[in-house]
Amino acid sequence: MPDIETKIFLSEMKPGSEGIIFSFANENRTTEALMEMGLLLHEKILVERVAPLGDPMIVFVSGNRISIRKNDAANICVLSKI
Amino acid sequence: VDFSDSSGTISEISVFLAGNPNSGKSSVFNLLTGLNQKVGNYPGVTVDKKTGSYRHNNIRVTVTDLPGSYSMNYRSKDEQVASEILQNPQHNIIYVADSSALKRSLYYFSQISERGNNVLLVLNMADIADEKGIEINYSQLASLLGVEIVSVNARTGEGIDELKEKTNKVFTVAQRKNEQIICGNTSERYTQISNLLQKTVKINSTKTSDRTYKIDNILTHKYFGIPLFLILLLLVFQSVFSWSQWPMNAIEWLFTEFGSLVSEIIPQGAVNDLVVNVIFAGLGGVMVFIPQIAFLFFFISILEDTGYMARVSFMMDKIFRKFGLNGRSVIPLISGTACAVPAIMSARTIGNNKERIITMLVTPLMSCSARLPVYTLIIALVIPESTKYGFGLQGFTLLALYLIGIITALLAAVFFSKIINTKEDNYYIMEMPEYRMPRWGNIFMTIYEKIKIFVVDAGKIIIAISIVLWFLTYYGPSSQFNAIEEKYSVQFKNASGEEEIKKLQIQINAEKLEASYAGMLGHAIEPVIEPLGYNWKTGIALIASFAAREVFVGTMATIYSVGNSDNTQGIKEKMEQDINVTTGEKTYSLAAGLSLLLFYAFAMQCMSTLAVMYRETKSIKWPVIQFLYMTFLAYFAAFTVYQLVK
């Protein structure tokens with residue numbers, strides 16, 4: 001079965017899945033800060049794990065391991081293979 | 001190159017250390033300046049300014065360690081301080097980059113170096129980069145960026161001599177030629193940095209280590225992550241508690257022994273009493289905190305330095321954000337059950353200013369060990385020893401007091417998070433640093449610094465308040481004091497045997513305390529504390545125990561002429577026999593006892609905590625707010641329970 005690429009919010013991605021950052025739903029101070037930490041458009045992003053209580057999550061992007069909250073991750077649209 | 005001129009005079013240069021958090025900037029700072037550093041203030045803000053200096057080839061170099069940041073677009077007060085200093089093109093900058101995370105490191109670097117400052121680039125953590133299979137072509141990178149580069153391994157000290165050499169060279173020439181090649185907005189900069197790194201860095205992917213990922217699989221495990229943390233925390237506090245015990249006893253013993261030695265040399269009287277009770281007891285009271293501070297920061301620095309503390313924040317964030325706190329607040333809050341002083345100091349690891357202030361404000365509500373003697377005395381006095389449903393009532397009361405402390409602390413946090421305004425952004429993005437072995441040099445430096453700050457800065461305030469409290473309890477209107485002396489002088493003459501003289505001495509002390517200014521204050525506040533079920537005797541103890549909560553027991557011992565504060569049984573009996581003259585009932589009824597317990601659970605009866613709060617926030621505002629809200633809470637709770645149970 002061929003891989004299908006779908007757009008999905010980063011907050012909904014499962015641990016271990018990866019994709020390409022496609023767009024930011026709205027740009028605010030948090031997305032600005034995230035971009036400065038390397039969460040940039042077209043950058044490859046990997047969801048490494050989710051906290052034991054379900055939130056926040058750790059993503060690996062641009063060589064950085066970053067912890068972000070799910071409500072911030074819901075702002076980021078990712079093109080992911082399912 | 002020899003920079004010293006023939007006359008041998010020393011030239012001076014001043015440099016600022018900048019870089020991302022976790023880049024090993026502090027290690028570089030420590031390696032450069034050694035113990036020759038001090039902590040000061042940036043004007044007008046509460047951010048610590050760390051400066052140090054060293055001499056190399058007749059040049060004296062003053063180094064200032066700036067707060068770590070990821071960008072010139074600051075989001076906190078600490079970052080703002082760094083940005084404002086870096087904006088001055090006259091300032092010399094040593095930029096410390098993490099070799100294993102060059103992309104992000106060079107982003108902040110590009111923002112700094114475009115202002116045309118003299119910049120020296122330090123590539124730190126060569127060992128971790130090596131583990132990850134990262135190979136850097138230093139000379140090519142240096143020529144492309146237009147700066148001098150030094151490769152340093154701050155863990156081993158490798159490259160530090162070269163850094164000192166190049167510091168002298170780079171910062172003694174005029175302005176560097178600005179050959180900035182990275183510019184534009186965030187994504188443009190990142191693109192240019194990527195292109196640059198493609199030319200200069202090779203990644204040997206077969207060597208790539210995913211050690212951090214594997215360790216995280218265990219330490220942040222879905223089911224075991226939090227229990228593991230709690231076990232670790234329990235072990236840490238158990239060790240802090242038990243290891244501090246004997247050095248604390250030793251310090252207390254030392255100061256008491258010295259005090260009594262000196263007391264024999266100096267003639268009896270005010271000077272003697274001042275020296276023994278303020279200089280020795282007061283200094284001892286400051287020094288006694290050192291073991292706890294040292295051990296707590298030993299463990300906290302290890303947790304921080306290895307990278308585990310960031311995971312604690314990650315795991316606990318969901319719970320603590322509900323209360324307006326930070327995942328890292330768990331450390332100060334739990335340390336608070338031992339002592340609020342080191343606990344408040346440990347809140348420094350919380351990056352967000354508002355969350356740090358709230359954590360510090362509510363930490364003293366956790367029942368600290370100094371409350372235990374008060375709790376034990378009052379519980380023994382008013383709570384029956386019977387058992388209900390298999391629980392001892394006394395033990396249950398103690399447990400309830402601890403729980404009330406925790407719950408109130410969390411509720412107070414919610415309250416403060418609603419009312420404290422902040423200009424800082426409330427956002428949570430955190431780098432999860434690579435796991436690494438602790439750097440012992442840094443850890444001992446932190447312990448040394450914390451102890452120094454406490455002893456010097458908080459110690460001054462504690463001694464000053466001790467003198468005031470001593471004055472209040474030792475002095476009173478002389479006419480009354482003379483009357484007491486006269487009354488007893490006859491009895492002293494008639495007394496036979498040491499036993500009797502001792503007894504008289506205890507009685508005279510009790511009467512003098514009642515006649516003292518503290519005693520007068522105790523009488524004066526009686527109308528205010530009467531609705532809580534207390535009399536003037538309790539009033540004196542409340543005032544005196546502002547020095548430290550456990551002083552309550554000692555003051556009670558003096559008031560009730562028991563003599564020795566270790567004689568809890570004796571104090572208890574005397575308090576039990578105390579009858580309220582107007583009602584004819586026991587003064588320490590169940591209602592008054594419960595009221596007193598709650599009062600001590602909530603009241604800010606600790607000058608050391610207030611002193612450390614002042615030191616950490618560098619503002620009189622927060623200790624005052626803390627004192628007022630806790631006193632109000634204590635009064636309200638004590639009043640309510642007394643009126644309901646009465």
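Where a number appears in this text, it was derived from the coordinates with a stated rule and is not lab data. All values derive from a computational prediction rather than experimental measurement. Don't worry about glycine lacking a Cβ; one is built from the backbone with ideal geometry, like all the others, and counts go over all protein chains shown.
Could you give the length gained on full extension between B:LYS621 and B:THR376, defined as 0.36 nm per residue of separation minus the Cα-Cα distance, in nm? Intermediate results must be reported in sequence, preceding the final value.
Numbers: separation 245, 0.36 × 245 = 88.20 nm, distance 3.34 nm.
That works out to 84.9 nm of additional length.
Treating the Cα atoms of chain A as identical point scatterers in vacuum, please give the log10 of the normalised Debye intensity I(q)/I(0) at q = 0.11, 0.18, 0.27 Å⁻¹, two decimals.
For the requested q values the scattering log ratios are -0.24, -0.66, -1.49.
Quick one: divide the alpha-carbon radius of gyration of the stretch B:29-78 by 2.2 N^0.38 Å and tell me what you get.
Numbers: Rg = 13.0 Å, N = 50, 2.2 N^0.38 = 9.7 Å.
Ratio of Cα Rg to 2.2 N^0.38 Å: 1.34.
Quick query: amide H of B:GLU431 versus all other amide H atoms, modeled in the peptide plane; which residues come in under 5 Å with a sequence gap of 5 or more or a different chain?
Counting only residues 5 or more places away or on other chains, the set is A:SER67.
For peptide A:42-53, compute the average count of partner chain beta-carbon atoms within 10 Å of each residue's beta-carbon.
Numbers: counts 2, 3, 0, 0, 0, 0, 6, 9, 3, 12, 13, 8.
Mean inter-chain Cβ contacts per residue within 10 Å come to 5.
Once you place label points 7 Å from the Cα toward the Cβ at B:GLU500 and B:ASN580, how far apart are they in nm?
According to this spin-label approximation, the distance is 3.9 nm.
Partner chain Cβ atoms within 10 Å, averaged over the residues of B:185-194 - can you pull that number for me? Present the calculation step by step, with values, prior to reporting the outcome.
Details: counts 1, 9, 5, 0, 3, 7, 2, 0, 2, 3.
Rounded to a whole number, the mean comes out at 3.
As a quick test, which of the pairs B:LYS586/B:LYS646; B:LYS103/B:LYS169; B:LYS574/B:LYS646; A:LYS70/B:LYS318; B:LYS103/B:LYS166; B:LYS450/B:LYS618 have an alpha carbon distance above 19 angstrom in this structure? Please list the in-between numbers first.
On the way: B:LYS586/B:LYS646 12 Å; B:LYS103/B:LYS169 27 Å; B:LYS574/B:LYS646 21 Å; A:LYS70/B:LYS318 10 Å; B:LYS103/B:LYS166 24 Å; B:LYS450/B:LYS618 15 Å.
Correct reply: B:LYS103/B:LYS169; B:LYS574/B:LYS646; B:LYS103/B:LYS166.
Percent of Cα-Cα pairs per 5 Å bin, from 0 to the last occupied bin, for the stretch B:89-199, please list those.
Once binned at 5 Å, the Cα pair distances of the stretch B:89-199 give 2, 12, 23, 25, 20, 12, 5, 1.
Mind ranking A:19-25, B:76-82 by how tightly packed they are, going by the mean number of other C-beta atoms within 10 angstrom, highest first? Working shown, then result.
Values: A:19-25: 16.4, B:76-82: 20.7.
Final packing ranking: B:76-82, A:19-25.
Once the piece of chain linking B:LYS322 and B:ARG55 is laid out straight, how much longer is it, given 0.36 nm per residue of separation minus the C-alpha distance between them?
Working: separation 267, 0.36 × 267 = 96.12 nm, distance 5.02 nm.
Once the chain is fully extended between B:LYS322 and B:ARG55, it gains 91.1 nm.
For chain B, with the dipole built from +1 on Lys and Arg beta-carbon atoms and -1 on Asp and Glu ones, taken about the Cα centre, which of B:VAL286, B:CYS606, B:GLN626 lies farthest toward the positive end?
B:GLN626
Take each of the peptides B:619-630, B:23-34, average the number of other beta-carbon atoms within 10 Å over its residues, and list them starting from the highest. Spell out each step's value before the answer.
Details: B:619-630: 16.8, B:23-34: 23.0.
Taking the mean over residues of other Cβ atoms within 10 Å, the ranking is B:23-34, B:619-630.
How fast does the stretch B:19-114 diffuse by Stokes-Einstein, in µm²/s, taking the Kirkwood radius from C-alpha pairs at 10 °C and 1.306 mPa s?
Numbers: Rh = 14.0 Å.
Estimated diffusion coefficient is 113 µm²/s.
Multiplying the sequence separation of B:LEU261 and B:LEU399 by 0.36 nm and subtracting their Cα-Cα distance, what value in nm do you get?
That pair, B:LEU261 and B:LEU399, stretches by 45.5 nm at full extension.
I want to make sure I understand the PRE zone here: with the label point 7 angstrom from the Cα of A:LYS7 toward its beta carbon, which residues in the stretch A:21-55 have backbone N atoms less than 19 Å away?
Hits in the stretch A:21-55 for A:LYS7 at 19 Å: A:21-28, A:31, A:40-45.
Restricting to bridges with both residues inside the protein assembly as shown, how much of the DSSP beta-bridge set is antiparallel, in percent to the nearest 5? Walk me through the intermediate numbers first.
Details: 45 of 67 bridges.
Taking every DSSP beta bridge within the protein assembly as shown, about 65 percent pair in antiparallel fashion.
Counting only C-alpha contacts under 8 Å and six or more residues apart, can you give the relative contact order of the stretch B:441-584 as a whole percent? Kindly include the intermediate steps, with their values, before the conclusion.
Working: 121 pairs, mean separation 26.3, N = 144.
Computed over the stretch B:441-584, the figure is 18 percent.
Below 16 Å, Cα to Cα, which aspartates and glutamates can B:LYS164 reach? Residues fewer than 8 away in the same chain don't count.
Output for B:LYS164: B:ASP2, B:GLU12, B:ASP65, B:GLU148.
How many percent of Cα pairs in the protein assembly as shown exceed 46 Å? Please report the intermediate quantities before stating the final value.
Working: 87016 of 264628 pairs.
Tail of the P(r) past 46 Å holds 33 percent of the pairs.
Starting from the Cα of B:LYS169, step 7 Å along the direction of its Cβ; do the same at B:PHE415; then give the gap between the two resulting points in nm.
It is 6.2 nm.
Where both partners of a DSSP beta bridge lie in chain B, what percent of those bridges are antiparallel, to the nearest 5? Show your work: numbers first, answer last.
On the way: 19 of 41 bridges.
Taking every DSSP beta bridge with both residues in chain B, the antiparallel ones total about 45 percent.
Hey, rough spin-label estimate for B:TRP246 and B:ALA142, points 7 angstrom out along Cα→Cβ, what's it come to in nanometres?
Between B:TRP246 and B:ALA142, the simple spin-label model gives 5.3 nm.
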